[in-house]
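Notes for the one structure printed next.
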Amino acid sequence: MRYCLKFSSSVILAYFSIASCYAANFSGLKLKSTDGNVEFALNGRGHFDVHSLYPDTASADYPAFGSQLLSSNDRDGFNWRRTYATLTGKIYGVNFKFENDFAVNATTEFPHSLREAWVSTKLGPGQLTVGQFKPYRGMEEITSSNELTLMERPSTSSTGIYSGRQFLTGLGYRALIKDNIGLGIYVMSLSHFGLPIEGISYGGRAVWLPIDQAGHILHLGLSLSRDTANKDSISAKAVDVYGGRQGISQSLGTAGAASGSPNQSTISAELAYSIGSATLQSEYALSRLDHTHSVGKEAKDSTIQAFYLQGSWFVTGEHVVYKKDRGAFGKPKPTRKWGALELAGRYDFAENLQQSLIADPCRTSTSKCQVQVITFGVNWYPTPNVRFMLNYYISEAMLGTSGLGAPSHKDHLSALSFRTQINF
(Lines give C-alpha, C1' and ligand atoms only; values in the text may rest on other atoms or scores of the structure.)
Protein backbone atom coordinates (compact mmCIF):
# COMPACT_ATOMS: atom_id res chain seq x y z
CA MET A 1 0.00 0.00 0.00
CA ARG A 2 2.82 2.41 0.90
CA TYR A 3 4.52 1.76 -2.44
CA CYS A 4 1.25 2.42 -4.30
CA LEU A 5 0.80 5.77 -2.55
CA LYS A 6 4.38 6.80 -3.32
CA PHE A 7 4.03 5.82 -6.97
CA SER A 8 0.70 7.65 -7.27
CA SER A 9 2.21 10.84 -5.85
CA SER A 10 5.04 10.65 -8.41
CA VAL A 11 2.54 10.25 -11.25
CA ILE A 12 0.48 13.23 -10.06
CA LEU A 13 3.56 15.43 -9.78
CA ALA A 14 4.73 14.30 -13.20
CA TYR A 15 1.35 15.27 -14.64
CA PHE A 16 1.64 18.85 -13.37
CA SER A 17 5.20 19.05 -14.71
CA ILE A 18 4.03 17.97 -18.14
CA ALA A 19 1.05 20.30 -18.13
CA SER A 20 3.22 23.30 -17.29
CA CYS A 21 6.06 22.53 -19.70
CA TYR A 22 4.42 20.96 -22.76
CA ALA A 23 3.97 24.22 -24.63
CA ALA A 24 7.55 25.36 -24.02
CA ASN A 25 9.78 25.77 -27.03
CA PHE A 26 12.81 28.03 -26.68
CA SER A 27 15.92 29.06 -28.53
CA GLY A 28 19.00 30.70 -27.06
CA LEU A 29 19.87 34.37 -27.32
CA LYS A 30 22.55 34.97 -29.97
CA LEU A 31 24.46 38.12 -30.95
CA LYS A 32 26.91 38.39 -33.83
CA SER A 33 28.94 41.27 -35.26
CA THR A 34 28.48 42.17 -38.91
CA ASP A 35 32.01 41.03 -39.78
CA GLY A 36 31.51 37.70 -37.95
CA ASN A 37 34.56 38.14 -35.72
CA VAL A 38 32.62 38.49 -32.47
CA GLU A 39 29.81 36.17 -31.33
CA PHE A 40 27.92 35.67 -28.07
CA ALA A 41 25.25 33.13 -27.16
CA LEU A 42 23.31 32.67 -23.93
CA ASN A 43 21.80 29.25 -23.24
CA GLY A 44 20.47 27.35 -20.27
CA ARG A 45 19.05 24.12 -18.99
CA GLY A 46 16.86 23.02 -16.10
CA HIS A 47 16.53 19.45 -14.86
CA PHE A 48 13.86 19.00 -12.18
CA ASP A 49 13.72 15.51 -10.65
CA VAL A 50 11.38 13.60 -8.37
CA HIS A 51 12.39 10.31 -6.71
CA SER A 52 10.67 7.50 -4.87
CA LEU A 53 12.90 4.87 -3.21
CA TYR A 54 11.87 1.38 -2.10
CA PRO A 55 14.51 0.22 0.40
CA ASP A 56 15.37 -3.37 1.20
CA THR A 57 14.10 -5.03 4.36
CA ALA A 58 16.76 -5.58 7.02
CA SER A 59 17.82 -9.21 7.51
CA ALA A 60 18.18 -10.90 10.87
CA ASP A 61 21.17 -12.85 9.49
CA TYR A 62 23.60 -9.90 9.28
CA PRO A 63 23.81 -6.21 10.30
CA ALA A 64 21.71 -3.88 8.18
CA PHE A 65 23.60 -1.89 5.50
CA GLY A 66 22.89 0.19 2.42
CA SER A 67 19.20 0.88 1.79
CA GLN A 68 18.28 -1.33 4.75
CA LEU A 69 19.29 1.61 6.96
CA LEU A 70 16.82 3.98 5.27
CA SER A 71 13.43 4.74 6.76
CA SER A 72 10.35 4.50 4.53
CA ASN A 73 10.55 8.05 3.14
CA ASP A 74 14.26 8.85 3.31
CA ARG A 75 15.50 10.65 0.18
CA ASP A 76 12.07 10.69 -1.51
CA GLY A 77 10.85 13.92 -3.09
CA PHE A 78 12.02 16.66 -5.43
CA ASN A 79 15.33 18.25 -6.26
CA TRP A 80 16.70 20.66 -8.86
CA ARG A 81 19.33 18.42 -10.39
CA ARG A 82 20.75 21.08 -12.71
CA THR A 83 20.03 24.73 -13.49
CA TYR A 84 22.74 25.81 -15.92
CA ALA A 85 23.32 29.23 -17.40
CA THR A 86 25.82 29.03 -20.27
CA LEU A 87 27.64 31.82 -22.08
CA THR A 88 29.54 30.81 -25.22
CA GLY A 89 31.11 32.78 -28.00
CA LYS A 90 34.06 33.76 -30.13
CA ILE A 91 36.29 36.83 -30.19
CA TYR A 92 38.61 36.95 -33.21
CA GLY A 93 39.33 33.23 -33.38
CA VAL A 94 39.34 32.61 -29.62
CA ASN A 95 36.36 30.54 -28.47
CA PHE A 96 35.11 30.54 -24.89
CA LYS A 97 32.52 28.92 -22.64
CA PHE A 98 31.43 29.77 -19.10
CA GLU A 99 28.80 27.60 -17.47
CA ASN A 100 27.48 27.88 -13.92
CA ASP A 101 25.15 25.44 -12.14
CA PHE A 102 22.83 27.45 -9.86
CA ALA A 103 21.37 24.24 -8.41
CA VAL A 104 24.80 23.41 -6.97
CA ASN A 105 25.40 27.07 -6.12
CA ALA A 106 22.55 26.87 -3.58
CA THR A 107 24.76 24.74 -1.32
CA THR A 108 28.24 25.29 -2.79
CA GLU A 109 29.70 28.75 -3.16
CA PHE A 110 30.94 30.16 -6.45
CA PRO A 111 33.37 29.34 -8.12
CA HIS A 112 32.83 25.70 -7.03
CA SER A 113 29.53 25.82 -8.93
CA LEU A 114 31.28 26.47 -12.25
CA ARG A 115 31.10 23.54 -14.63
CA GLU A 116 32.87 24.40 -17.87
CA ALA A 117 34.97 27.56 -17.98
CA TRP A 118 37.54 27.63 -20.74
CA VAL A 119 39.01 29.37 -23.78
CA SER A 120 40.17 27.60 -26.93
CA THR A 121 41.75 28.32 -30.28
CA LYS A 122 42.29 26.38 -33.47
CA LEU A 123 45.66 24.65 -33.70
CA GLY A 124 46.36 22.49 -36.73
CA PRO A 125 43.42 20.15 -37.38
CA GLY A 126 41.94 20.59 -33.88
CA GLN A 127 41.28 22.82 -30.90
CA LEU A 128 43.60 23.66 -28.01
CA THR A 129 41.59 24.26 -24.81
CA VAL A 130 42.71 25.82 -21.52
CA GLY A 131 40.54 26.04 -18.40
CA GLN A 132 38.01 23.77 -16.71
CA PHE A 133 36.31 21.04 -18.75
CA LYS A 134 35.77 17.29 -18.85
CA PRO A 135 38.84 15.08 -19.35
CA TYR A 136 38.58 13.08 -22.57
CA ARG A 137 37.65 9.66 -21.18
CA GLY A 138 34.59 7.54 -21.87
CA MET A 139 31.64 7.83 -24.23
CA GLU A 140 28.95 8.33 -21.58
CA GLU A 141 31.23 10.61 -19.58
CA ILE A 142 31.72 13.00 -22.49
CA THR A 143 28.01 13.02 -23.45
CA SER A 144 26.08 16.14 -22.44
CA SER A 145 23.61 15.74 -19.57
CA ASN A 146 20.96 17.09 -21.97
CA GLU A 147 21.51 14.09 -24.24
CA LEU A 148 22.06 11.16 -21.89
CA THR A 149 19.72 8.28 -22.71
CA LEU A 150 19.12 7.50 -19.01
CA MET A 151 19.06 9.89 -16.07
CA GLU A 152 22.30 8.65 -14.47
CA ARG A 153 25.70 7.89 -15.93
CA PRO A 154 27.06 4.32 -15.55
CA SER A 155 29.86 3.05 -13.30
CA THR A 156 32.47 3.67 -16.05
CA SER A 157 32.10 7.44 -15.53
CA SER A 158 32.70 10.11 -12.87
CA THR A 159 29.76 8.71 -10.89
CA GLY A 160 31.75 5.48 -10.65
CA ILE A 161 35.41 4.71 -11.28
CA TYR A 162 36.37 8.42 -11.71
CA SER A 163 34.36 9.45 -8.66
CA GLY A 164 34.07 13.22 -8.24
CA ARG A 165 36.45 14.05 -11.11
CA GLN A 166 34.06 15.15 -13.84
CA PHE A 167 35.32 18.72 -14.37
CA LEU A 168 39.03 19.39 -13.92
CA THR A 169 41.33 22.31 -14.74
CA GLY A 170 44.14 22.13 -17.25
CA LEU A 171 45.07 21.84 -20.91
CA GLY A 172 43.56 19.68 -23.65
CA TYR A 173 43.83 19.15 -27.39
CA ARG A 174 41.15 17.45 -29.48
CA ALA A 175 41.11 16.93 -33.24
CA LEU A 176 39.68 14.96 -36.14
CA ILE A 177 42.72 13.32 -37.74
CA LYS A 178 40.49 12.08 -40.55
CA ASP A 179 36.75 12.45 -41.03
CA ASN A 180 36.23 9.16 -39.16
CA ILE A 181 39.14 9.23 -36.66
CA GLY A 182 39.26 11.47 -33.60
CA LEU A 183 41.86 12.00 -30.90
CA GLY A 184 41.95 13.90 -27.62
CA ILE A 185 44.79 14.30 -25.09
CA TYR A 186 44.90 16.27 -21.85
CA VAL A 187 47.04 17.23 -18.84
CA MET A 188 45.04 18.56 -15.88
CA SER A 189 45.20 19.10 -12.16
CA LEU A 190 43.03 17.00 -9.84
CA SER A 191 41.10 20.09 -8.82
CA HIS A 192 38.46 22.46 -10.07
CA PHE A 193 37.96 26.21 -9.69
CA GLY A 194 37.89 27.22 -6.05
CA LEU A 195 40.32 24.50 -4.98
CA PRO A 196 44.14 24.70 -4.78
CA ILE A 197 45.95 23.47 -7.88
CA GLU A 198 46.96 20.03 -6.64
CA GLY A 199 47.50 16.55 -8.05
CA ILE A 200 47.69 15.69 -11.74
CA SER A 201 45.64 13.78 -14.29
CA TYR A 202 46.75 13.00 -17.81
CA GLY A 203 45.57 10.72 -20.58
CA GLY A 204 43.77 10.57 -23.87
CA ARG A 205 40.99 9.08 -25.94
CA ALA A 206 40.86 7.86 -29.53
CA VAL A 207 37.75 7.02 -31.57
CA TRP A 208 37.28 5.37 -34.95
CA LEU A 209 34.16 5.03 -37.07
CA PRO A 210 34.50 1.98 -39.36
CA ILE A 211 30.92 2.71 -40.49
CA ASP A 212 30.08 6.40 -40.87
CA GLN A 213 26.77 6.99 -42.61
CA ALA A 214 23.61 8.93 -41.83
CA GLY A 215 21.53 6.66 -39.61
CA HIS A 216 24.21 3.94 -39.55
CA ILE A 217 27.21 4.31 -37.22
CA LEU A 218 29.76 1.88 -35.80
CA HIS A 219 31.90 3.49 -33.09
CA LEU A 220 35.07 2.07 -31.53
CA GLY A 221 36.90 3.92 -28.78
CA LEU A 222 39.77 3.57 -26.35
CA SER A 223 40.81 5.81 -23.46
CA LEU A 224 43.75 5.78 -21.05
CA SER A 225 44.21 7.88 -17.94
CA ARG A 226 46.51 8.29 -14.95
CA ASP A 227 45.49 10.22 -11.84
CA THR A 228 48.15 11.06 -9.24
CA ALA A 229 46.50 12.50 -6.15
CA ASN A 230 47.81 14.06 -2.94
CA LYS A 231 46.30 15.11 0.37
CA ASP A 232 44.95 18.43 -0.97
CA SER A 233 43.62 17.26 -4.36
CA ILE A 234 40.44 15.46 -5.33
CA SER A 235 41.12 11.88 -4.23
CA ALA A 236 41.58 9.01 -6.66
CA LYS A 237 38.80 6.60 -5.74
CA ALA A 238 35.98 4.50 -7.17
CA VAL A 239 32.44 4.74 -5.84
CA ASP A 240 29.29 3.14 -7.25
CA VAL A 241 25.94 4.83 -6.56
CA TYR A 242 23.03 2.41 -6.95
CA GLY A 243 19.32 3.19 -6.95
CA GLY A 244 19.56 6.46 -8.86
CA ARG A 245 20.84 9.87 -7.81
CA GLN A 246 19.30 9.63 -4.34
CA GLY A 247 20.42 6.03 -3.87
CA ILE A 248 23.24 4.40 -1.92
CA SER A 249 26.94 5.13 -2.35
CA GLN A 250 29.15 2.04 -2.14
CA SER A 251 32.91 2.54 -2.00
CA LEU A 252 34.95 0.30 -4.30
CA GLY A 253 38.29 1.47 -2.94
CA THR A 254 40.43 4.59 -2.38
CA ALA A 255 43.98 4.93 -3.67
CA GLY A 256 46.51 5.54 -0.91
CA ALA A 257 44.11 4.50 1.87
CA ALA A 258 46.71 2.04 3.19
CA SER A 259 49.87 4.10 2.61
CA GLY A 260 52.11 5.20 -0.21
CA SER A 261 51.14 6.66 -3.58
CA PRO A 262 47.42 7.50 -4.06
CA ASN A 263 47.42 6.85 -7.81
CA GLN A 264 44.86 5.45 -10.24
CA SER A 265 45.45 4.06 -13.75
CA THR A 266 42.52 3.24 -16.05
CA ILE A 267 42.00 1.74 -19.48
CA SER A 268 38.56 1.75 -21.05
CA ALA A 269 37.22 0.35 -24.33
CA GLU A 270 34.05 1.52 -26.11
CA LEU A 271 31.77 -0.13 -28.67
CA ALA A 272 28.60 1.41 -30.07
CA TYR A 273 26.37 0.63 -33.04
CA SER A 274 23.42 2.61 -34.33
CA ILE A 275 21.21 1.63 -37.24
CA GLY A 276 17.89 3.23 -37.97
CA SER A 277 15.99 3.94 -34.76
CA ALA A 278 17.97 1.44 -32.62
CA THR A 279 21.24 2.05 -30.76
CA LEU A 280 23.47 -0.25 -28.71
CA GLN A 281 26.51 0.84 -26.77
CA SER A 282 28.86 -0.60 -24.18
CA GLU A 283 32.01 0.32 -22.28
CA TYR A 284 34.41 -1.88 -20.33
CA ALA A 285 36.98 -0.43 -17.94
CA LEU A 286 39.79 -1.79 -15.79
CA SER A 287 41.08 0.61 -13.17
CA ARG A 288 44.00 0.04 -10.81
CA LEU A 289 43.95 1.86 -7.47
CA ASP A 290 47.36 1.87 -5.78
CA HIS A 291 47.75 1.00 -2.10
CA THR A 292 44.07 0.65 -1.19
CA HIS A 293 44.59 -1.84 1.63
CA SER A 294 47.19 -3.81 3.55
CA VAL A 295 47.69 -7.53 3.94
CA GLY A 296 49.91 -8.07 6.92
CA LYS A 297 52.14 -5.02 6.85
CA GLU A 298 52.36 -4.81 3.06
CA ALA A 299 50.35 -2.26 1.08
CA LYS A 300 48.38 -3.80 -1.80
CA ASP A 301 46.70 -2.48 -4.96
CA SER A 302 43.16 -3.05 -6.21
CA THR A 303 41.69 -3.65 -9.66
CA ILE A 304 38.19 -2.36 -10.32
CA GLN A 305 36.21 -3.96 -13.13
CA ALA A 306 33.29 -1.94 -14.49
CA PHE A 307 31.12 -2.32 -17.58
CA TYR A 308 27.66 -1.66 -18.93
CA LEU A 309 25.48 -2.68 -21.87
CA GLN A 310 22.87 -0.16 -22.97
CA GLY A 311 20.25 -0.15 -25.69
CA SER A 312 17.59 2.29 -26.91
CA TRP A 313 14.91 2.40 -29.58
CA PHE A 314 12.88 5.30 -30.92
CA VAL A 315 9.36 3.95 -31.30
CA THR A 316 8.47 6.97 -33.43
CA GLY A 317 11.24 6.28 -35.95
CA GLU A 318 13.87 8.95 -35.21
CA HIS A 319 17.54 8.00 -35.09
CA VAL A 320 20.32 9.36 -32.88
CA VAL A 321 22.83 11.82 -34.29
CA TYR A 322 26.56 11.30 -33.94
CA LYS A 323 28.64 14.29 -32.81
CA LYS A 324 32.14 13.92 -34.16
CA ASP A 325 33.54 16.82 -32.17
CA ARG A 326 32.79 14.81 -29.01
CA GLY A 327 32.88 11.24 -30.27
CA ALA A 328 29.47 10.56 -28.71
CA PHE A 329 25.79 10.32 -29.61
CA GLY A 330 23.30 13.17 -29.35
CA LYS A 331 19.51 13.19 -29.50
CA PRO A 332 17.42 13.92 -32.61
CA LYS A 333 14.67 16.46 -33.07
CA PRO A 334 11.13 15.01 -32.98
CA THR A 335 9.63 14.48 -36.42
CA ARG A 336 6.02 13.86 -35.40
CA LYS A 337 3.31 16.19 -34.14
CA TRP A 338 3.25 14.62 -30.68
CA GLY A 339 7.00 14.36 -30.42
CA ALA A 340 9.43 11.44 -30.16
CA LEU A 341 9.18 8.42 -27.87
CA GLU A 342 12.27 6.43 -26.84
CA LEU A 343 12.54 3.17 -24.88
CA ALA A 344 15.84 2.35 -23.19
CA GLY A 345 17.51 -0.11 -20.84
CA ARG A 346 20.92 -0.70 -19.28
CA TYR A 347 22.73 -3.36 -17.27
CA ASP A 348 25.58 -1.92 -15.19
CA PHE A 349 28.18 -3.85 -13.17
CA ALA A 350 31.14 -2.85 -10.99
CA GLU A 351 33.37 -4.89 -8.68
CA ASN A 352 36.62 -4.69 -6.74
CA LEU A 353 38.39 -7.90 -7.78
CA GLN A 354 40.71 -7.95 -4.74
CA GLN A 355 38.02 -7.87 -2.05
CA SER A 356 38.17 -10.94 0.23
CA LEU A 357 38.02 -11.90 3.88
CA ILE A 358 41.79 -11.26 4.02
CA ALA A 359 42.00 -8.18 1.78
CA ASP A 360 39.45 -5.46 2.51
CA PRO A 361 39.88 -2.46 0.13
CA CYS A 362 36.14 -1.67 0.30
CA ARG A 363 36.21 -1.51 4.13
CA THR A 364 33.19 -3.82 4.47
CA SER A 365 34.93 -6.75 6.28
CA THR A 366 33.24 -9.12 3.83
CA SER A 367 34.32 -11.44 1.02
CA LYS A 368 32.93 -9.48 -1.94
CA CYS A 369 32.38 -5.90 -3.13
CA GLN A 370 30.06 -5.89 -6.14
CA VAL A 371 27.19 -3.73 -7.40
CA GLN A 372 24.72 -4.44 -10.21
CA VAL A 373 22.04 -2.10 -11.51
CA ILE A 374 19.35 -2.71 -14.14
CA THR A 375 17.66 0.45 -15.40
CA PHE A 376 14.55 0.73 -17.55
CA GLY A 377 13.73 4.08 -19.12
CA VAL A 378 11.12 5.89 -21.19
CA ASN A 379 11.86 9.28 -22.76
CA TRP A 380 9.29 11.56 -24.36
CA TYR A 381 10.44 14.57 -26.44
CA PRO A 382 7.31 16.70 -27.10
CA THR A 383 9.50 19.46 -28.60
CA PRO A 384 13.22 19.77 -29.41
CA ASN A 385 13.76 21.70 -26.15
CA VAL A 386 11.69 19.65 -23.71
CA ARG A 387 12.12 16.08 -22.50
CA PHE A 388 10.37 13.96 -19.87
CA MET A 389 12.29 10.96 -18.49
CA LEU A 390 10.99 8.06 -16.40
CA ASN A 391 13.58 5.62 -14.98
CA TYR A 392 13.07 2.53 -12.84
CA TYR A 393 16.12 1.01 -11.11
CA ILE A 394 16.55 -2.54 -9.82
CA SER A 395 19.79 -2.65 -7.81
CA GLU A 396 21.79 -5.22 -5.89
CA ALA A 397 24.85 -4.66 -3.73
CA MET A 398 26.54 -8.00 -3.04
CA LEU A 399 29.08 -7.99 -0.20
CA GLY A 400 29.48 -11.75 0.12
CA THR A 401 29.96 -13.28 3.55
CA SER A 402 31.65 -12.22 6.77
CA GLY A 403 33.09 -15.69 7.41
CA LEU A 404 32.89 -19.37 6.59
CA GLY A 405 29.30 -20.59 6.77
CA ALA A 406 27.92 -17.06 7.23
CA PRO A 407 25.01 -15.91 5.02
CA SER A 408 25.62 -13.64 2.02
CA HIS A 409 25.13 -9.92 2.63
CA LYS A 410 22.83 -8.49 -0.05
CA ASP A 411 21.04 -5.19 -0.42
CA HIS A 412 18.19 -4.92 -2.92
CA LEU A 413 17.09 -1.35 -3.61
CA SER A 414 14.60 -0.29 -6.26
CA ALA A 415 13.75 3.29 -7.15
CA LEU A 416 11.53 5.30 -9.47
CA SER A 417 12.72 8.66 -10.83
CA PHE A 418 11.08 11.20 -13.09
CA ARG A 419 12.67 14.24 -14.74
CA THR A 420 11.33 17.34 -16.42
CA GLN A 421 14.06 18.74 -18.66
CA ILE A 422 14.04 22.09 -20.46
CA ASN A 423 16.95 23.51 -22.41
CA PHE A 424 17.30 26.53 -24.65
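Output the residue which, of all residues in the stretch 246-302 that are among the charged types (D, E, K, R) and touching a helix residue (DSSP H, G or I) at 6+ places or on another chain (Cβ under 8 Å), is farthest from residue 394 (Cα to Cα).
Here the answer is 270.
For the stretch 314-333, which positions are more than 28 Å from residue 185 (Cβ to Cβ) and either surrounded by 14 or more Cβ atoms within 10 Å (Cβ to Cβ) or touching a Lys or Arg at 6+ places or on another chain (Cβ under 9 Å) (or both)? Spell out how you get there, then give the answer.
Within the stretch 314-333, the first condition is being more than 28 Å from residue 185 (Cβ to Cβ), and the residues that meet it are 314-319, 332-333.
Once the filter is applied, which keeps residues that are more than 28 Å from residue 185 (Cβ to Cβ) and either surrounded by 14 or more Cβ atoms within 10 Å (Cβ to Cβ) or touching a Lys or Arg at 6+ places or on another chain (Cβ under 9 Å) (or both), the stretch 314-333 yields 314, 316, 317, 318, 319, 332.
I need a count of the residues in the stretch 198-245 that are more than 30 Å from residue 278 (Cα to Cα) and either modelled with pLDDT of 95 or more or in a strand (DSSP E or B) (or both). Lay out the reasoning, then the answer.
In the first step, residues of the stretch 198-245 are kept if they are more than 30 Å from residue 278 (Cα to Cα); the result is 198-203, 225-239.
Remaining after also requiring either modelled with pLDDT of 95 or more or in a strand (DSSP E or B) (or both): 200-203, 225-228, 237-239.
Number satisfying all stated conditions: 11.
Are any residues in the stretch 224-253 over 16 Å from the mean Cα position of the chain (by Cα) and either aliphatic (A, V, I, L, M) or closer than 30 Å to residue 320 by Cβ (or both), and if so, which ones?
Matches in the stretch 224-253: 224, 225, 229, 234, 236, 252.
Would you pick out the residues in the stretch 371-424 that are within 30 Å of residue 319 (Cα to Cα), among the hydrophobic types (A, V, I, L, M, F, W, C), assigned to a strand (DSSP E or B) and touching a residue at least 60 places away in the same chain (Cβ under 8 Å)?
Matches in the stretch 371-424: 373, 386, 388, 389, 390, 415, 416, 418, 422.
For the stretch 246-276: of the residues being in contact with an Asp or Glu (Cβ under 6 Å, 6 or more places away or on another chain) and assigned to a loop (DSSP other than H, G, I, E, B), which is surrounded by the most Cβ atoms within 10 Å (Cβ to Cβ)?
The qualifying residue surrounded by the most Cβ atoms within 10 Å (Cβ to Cβ) is 255.
Per-residue answers, yes or no, for (1) modelled with pLDDT of 95 or more; (2) in contact with a Phe, Trp or Tyr (Cβ under 9 Å, 6 or more places away or on another chain); (3) under 28 Å from residue 230 (Cα atoms):
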{"site": "109", "(1), (2), (3)": "no, no, yes"}
{"site": "125", "(1), (2), (3)": "no, no, no"}
{"site": "132", "(1), (2), (3)": "yes, yes, yes"}
{"site": "135", "(1), (2), (3)": "yes, yes, yes"}
{"site": "159", "(1), (2), (3)": "no, no, yes"}
{"site": "162", "(1), (2), (3)": "yes, no, yes"}
{"site": "184", "(1), (2), (3)": "yes, yes, yes"}
{"site": "187", "(1), (2), (3)": "yes, yes, yes"}
{"site": "196", "(1), (2), (3)": "no, no, yes"}
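For the stretch 89-97, check the following and say yes or no: at least one residue is loosely packed, with under 15 Cβ neighbours inside 10 Å, at pLDDT below 95, farther than 30 Å from residue 362 by Cα and not β-branched (Val, Ile, Thr).
Checked the stretch 89-97: at least one residue is loosely packed, with under 15 Cβ neighbours inside 10 Å, at pLDDT below 95, farther than 30 Å from residue 362 by Cα and not β-branched (Val, Ile, Thr).
The values are calculated or read from the model by the stated rules, or taken from the named source; none is laboratory data. Nothing here was measured: the structure is a model prediction, and the numbers come from that model. A quick note on method: Cβ atoms are made from the backbone with ideal geometry, for glycine too, and the neighbour counts reach across all protein chains shown.
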